[in-house]
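The values are calculated or read from the model by the stated rules, or taken from the named source; none is laboratory data. Everything numeric in this text was worked out from a predicted model, so none of it was measured. Ideal geometry is used to build each Cβ from the backbone, glycine not excepted, and the neighbour counts take in all protein chains shown.
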Amino acid sequence: MQHLRTTIARLRPMAALQTARCASQPVQGGPGERALRTFPSARRLEAPGAAEPFLNGTSSNYVEEMYFAWLENPGNVHKSWDVFFRNANAGVPPGAAYQSPPGLSGPRQVPAGGATSVVGARTDVEKLIEDHLAVQSLIRAYQVRGHHIAKLDPLEISLSAPLSKQPGALLPPGFYGLLESDLDKVFRLPTTTFIGGDESALPLREIIHRLEMAYCQQIGVEFMFINNMEQCQWIRERFERPGAMHFSVEEKRTLLARMVRSTRFEEFLQRKWSSEKRFGLEGCEALIPALKTLIDVSSGRGVDSVIMGMPHRGRLNVLANVIRTELDQIFCQFDSKLEAADEGSGDVKYHLGMYHRRMNRVTDREITLSLMANPSHLEAVDPVVQGKTKAEQFYCGDTEGKRVMSILLHGDAAFAGQGVVYETFHLSDLPSYTTHGTIHVVVNNQIGFTTDPRMARSSAYPTDVARVVNAPIFHVNADDPEAVVYVCKVAADWRNTFHKDVVVDLVCYRRNGHNEMDEPMFTQPLMYKKIKQQKGVLQKYATALISEGVVTSQEYEEMVAEYDKVCEDAYTRSKDEKILHVNHWLDSPWPGFFTFDGQPKSMSVPSTGISEEDLSHIGNIASSVPDKDFTIHGGLSRILKARAAMVEQRVCDWALAEYMAFGSLLKEGVHVRLSGQDAERGTFSHRHHVLHHQNVDKSICIPMNHIAKDQAPYTVCNSSLSEYGVLGFELGFAMASPNALVLWEAQFGDFHNTAQCIIDQFICPGQAKWARQNGIVLLLPHGMEGMGPEHSSARPERFLQMCNDDQDVFPLIVFTPKSLLRHPEAKSSFDQMLPGTEFKRIISEEGPPLASPDRVRRIIFCTGKVYYELARERKHRGMEEQVAIVRVEQLSPFPFDLVKEEVERFHHADLMWCQEEHKNQGYHDYIKPRIRTAVARTRPVLYAGRGPAAAPATGNKQTHLAELQRFLDTAFDLPGTSGEQ
């Protein structure tokens, strides 16, 4: 009896979970109907005191039926059975678990703690209940932990899963109280397994066999952490049902052909360019049929566009055999004699992307495949892919992700080690960022460069990060191509069914080390001794199919010869290429955007003004609530009244001007998307583009979407607390179309440094490296206001250093204000926004110096907030006729022509650059030589600003003010020679 109590105690959490899950799902027709429909004999037990016959030797079949009915829903059985099973589950022996219902024989008292003496051996019914609980627990153990002992590693060295070799990874049946004599007993199967197929009961021996076949072979399934019963059942059915992994002869022949292409492509490159790095796929050749299966299944479900991102390894093979890039274009990349005709530095071949629309031969449907270019910074491309996917879904009206999807490939070490993976996963279900499910494929080399998993991560698997979003994880031995393809079919169906992320972990190895020039025996001698003995997967699979009679040896050899000839012919053509064009390698083309009527577009500043009527209309929208019954915060009412007053006065502050800019674009049909931390309200409580009902939860209003009937939609969204992932996402979104304004706003400009990888690797050099076209705008709040080194500087010197002045630069970096958002003088008249007006690259001096230019002794060039401090100080000192202040609004490309005009206007004045940033930061090093160039190096350029420093700002308010006054004194010290020349 003690053993029964122990067993039930072990299973208590499971039984409680099943009870809760079943109880949470209403049974059609009311309590009891489902049990009566499933267990007809239960009708005889639906009576008062129905559990009482248990004490008098009730048939075990009745008890079994009641038990399963109760597990599904306690309401399915009579109250007396409910009490009995609850007591037994709480540890009360069966002899004491029954309590007569009130009114029959009086309440039955159970001693405290359930301690009741029962003399004699267990009854058959007691043993039956105990054994069924044990079998159910055993089944669940395989579902939860079977992957730990699955045959996943082709090398059979198991470096990557420290739990798999520990005792207790999967406990033997004896642990659950099942004896060897029970192996041939037949047990009813619970509803949480499909191993029986059409059978409802199986011998224990067969149950264990089928569980091992389902969970402990070349596929390991991690899914029991998912807290959705429907999803768990969906996965169980696809891996447990007998015969689920069945391949027809034609499917096997197709798989073999794809393995031939994958393998022979790498062997061809090795023969032709043995001394070149290519990051080949040897050791994971099954990746190609895996990806093609994902695409085939998805195409059959209606997907017509797939955006992919991947690291170096296997990229050329994916381009050749998945994207179907012309082989001669790939082989051109290896020819050092060819020179690119296009401007730009270019990039190594295993970083390049591609965009290709072709017919899918399996589904006979057209499909667009895009492989994004990416740098060596592993996983950085992940959010970029997601952003581009979201944009394509948005522009084609795919609100559920049924037409456009993303596939991300990862290395095992990077998947576990790079934080942007986690950031990207946590965008997966956010309303403004979800792509409705991504398929992640991990090429699990079981090593990262030279670091083995024991030094590279703390978890059992590299894929454990995916568990944070309840993504199922399918581990598979990559040396079993059929298992790989089956898992990919399931993954594609999962994504199509539930539109949630899923992970395929291809456990493989690197045959040639990190790259073809590397010597892996230095650091992993035993592993690579094993690899040298390993037969190639194509050889093993071909041998298996020949032995099955699926193909003949001759047919297989013809497959190989046919593809080899394709490669040789392409190689010959590649030698005839005279010029290598970067344009062959665009991943997001913008056809026709840079030309007009066949001619290059002018790079001059166009007119951006709008009519007075439009200004007033947009201003009225910005200062009101479209729905009169919508209750807003009292403080916001005052803000809207202040906006209305500005519209009446025909002036704009920064927030209203932003409203005018966005609103006029929307009215013209240009989509605007603004995202960032707290972007809806604005970090400084200045924007308020999303209004919140004060009395109704989750009720919001976006007035910007009420400007015109046929306007473009406005998307404004608060992001997760991420810079790296979110900026990458918005960059990807901006790639999809040139006819959109996509903006990312940092909470403070300083915070862009945690997204520096995206800026350094994608934004600034993107067009030069990959001919990548992008129009993203970065809004970076910037200004020295005594708020410390983390809330002051957007580090403009970094962006200026990366600019190329010889051509217009995309994207646009806007150093936005903080204190100027409410500065009374930081306003503009409607007159500066009417038709015919345009962006001013320089704002010239408009005050008293214009009346007597010969009296001006100094021109102070500056940019940003410091202008208002200079203007205030000039007025305070009474030097308004002696000092001209010129604002440089466009820093790059530098306005040489306009600077020259300003200098010639005040030809007696000396020249000074003034900034509030430290001398080794900000704009000084960029601006000074360009001003000197504008004046043909005939005049010196003085400096006023803070001295050099390591930190961008002080956190002490008094020190801040002292520094400010010091450089203002320098700026207006006309007789001296402050600053260097």
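Data table
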{"read-out": "Matching option when the condition is of a type in the set (D, E, K, R), within 20 Å of ALA962 (Cβ to Cβ) and touching a strand residue (DSSP E or B) at 6+ places or on another chain (Cβ under 6 Å), among ARG887, ARG946", "value": "ARG946"}
{"read-out": "Condition met for VAL551 (over 30 Å from THR450 (Cβ atoms), assigned by TED's automatic domain parsing to the domain that holds ALA478 and out of contact with any strand residue (DSSP E or B) (no Cβ under 9 Å at 6 or more places or on another chain))", "value": "yes"}
{"read-out": "Wholly enclosed helices (runs of 4 or more DSSP H) of the stretch 400-483 bearing at least 2 residues hydroxyl-bearing (Ser, Thr, Tyr)", "value": "419-425"}
{"read-out": "Of all residues in the stretch 650-691 being among the hydroxyl-bearing types (Ser, Thr, Tyr) and part of a helix (DSSP H, G or I), the one that is farthest from GLU825 (Cα to Cα)", "value": "SER664"}
{"read-out": "Hey, ALA161 surrounded by 20 or more Cβ atoms within 10 Å (Cβ to Cβ), at pLDDT below 90, of a type outside the set (Asp, Glu) and outside the structural domain of ARG454 (by TED's automatic domain parsing) or not", "value": "yes"}
{"read-out": "Residue selected from the stretch 469-483 under the condition under 17 Å from the mean Cα position of the chain (by Cα) and at negative phi, by the criterion surrounded by the fewest Cβ atoms within 10 Å (Cβ to Cβ)", "value": "VAL469"}
{"read-out": "Counted residues, the stretch 484-517 - those being within 20 Å of the chain's Cα centre (by Cα), part of a loop (DSSP other than H, G, I, E, B) and surrounded by fewer than 20 Cβ atoms within 10 Å (Cβ to Cβ)", "value": "1"}
{"read-out": "Subset of the stretch 717-740 (residues that are over 26 Å from LEU352 (Cα atoms) and surrounded by fewer than 20 Cβ atoms within 10 Å (Cβ to Cβ))", "value": "CYS717, ASN718, SER720, LEU721"}
{"read-out": "Residue check, SER844 in contact with a Phe, Trp or Tyr (Cβ under 9 Å, 6 or more places away or on another chain), assigned by TED's automatic domain parsing to the domain that holds PHE906, of a type in the set (S, T, N, Q) and closer than 26 Å to LYS818 by Cβ", "value": "no"}
{"read-out": "All helices (runs of 4 or more DSSP H) inside the stretch 713-804 with 2 or more residues being closer than 23 Å to SER892 by Cα and at pLDDT 95 or above", "value": "724-735"}
{"read-out": "Residue count, the stretch 232-250 (criterion: modelled with pLDDT of 95 or more, over 16 Å from THR293 (Cβ atoms) and among the small types (Gly, Ala, Ser))", "value": "0"}
{"read-out": "Selection from the stretch 692-710 of residues that are of a type in the set (S, T, N, Q) and either part of a helix (DSSP H, G or I) or crowded, with 19+ Cβ neighbours inside 10 Å (or both)", "value": "ASN705"}
{"read-out": "Those residues of the stretch 851-872 which are crowded, with 21+ Cβ neighbours inside 10 Å and of a type in the set (A, V, I, L, M), in sequence order", "value": "VAL856, ILE859, ILE860, VAL866, LEU870"}
{"read-out": "Options ASP480, ASP452; residue that is in contact (Cβ under 8 Å) with a residue 12 or more places away in the chain, closer than 25 Å to ARG241 by Cβ and either among the charged types (D, E, K, R) or in contact with a strand residue (DSSP E or B) (Cβ under 8 Å, 6 or more places away or on another chain) (or both)", "value": "ASP480"}
{"read-out": "SER607 being surrounded by 13 or more Cβ atoms within 10 Å (Cβ to Cβ), at pLDDT 75 or above and touching an Asp or Glu at 6+ places or on another chain (Cβ under 8 Å)", "value": "no"}
{"read-out": "Test result for GLN773, within 27 Å of SER376 (Cβ to Cβ) and among the polar types (S, T, N, Q)", "value": "yes"}
{"read-out": "Qualifying residue in the stretch 518-534 (condition: surrounded by 17 or more Cβ atoms within 10 Å (Cβ to Cβ), modelled with pLDDT under 95, among the polar types (S, T, N, Q) and within 33 Å of the chain's Cα centre (by Cα))", "value": "yes"}
{"read-out": "Subset tally (residues that are in a helix (DSSP H, G or I) and touching a Phe, Trp or Tyr at 6+ places or on another chain (Cβ under 6 Å)) for the stretch 260-288", "value": "3"}
{"read-out": "Single residue of VAL135, VAL144 found to be at pLDDT 85 or above, surrounded by fewer than 21 Cβ atoms within 10 Å (Cβ to Cβ) and assigned to a helix (DSSP H, G or I)", "value": "VAL144"}
{"read-out": "Which numbered condition LEU269 fails, given (1) crowded, with 17+ Cβ neighbours inside 10 Å; (2) under 24 Å from GLU557 (Cα atoms); (3) modelled with pLDDT of 95 or more; (4) among the aliphatic types (A, V, I, L, M)", "value": "(3)"}
{"read-out": "Residue in the stretch 453-468 that is farther than 17 Å from ALA413 by Cβ and crowded, with 19+ Cβ neighbours inside 10 Å present", "value": "no"}
{"read-out": "Test: VAL883 is surrounded by 14 or more Cβ atoms within 10 Å (Cβ to Cβ), within 23 Å of SER607 (Cβ to Cβ) and at pLDDT 95 or above", "value": "no"}
{"read-out": "In the stretch 202-237, the residues that are acidic (Asp, Glu), closer than 14 Å to ASN470 by Cα and out of contact with any strand residue (DSSP E or B) (no Cβ under 9 Å at 6 or more places or on another chain)", "value": "GLU230"}
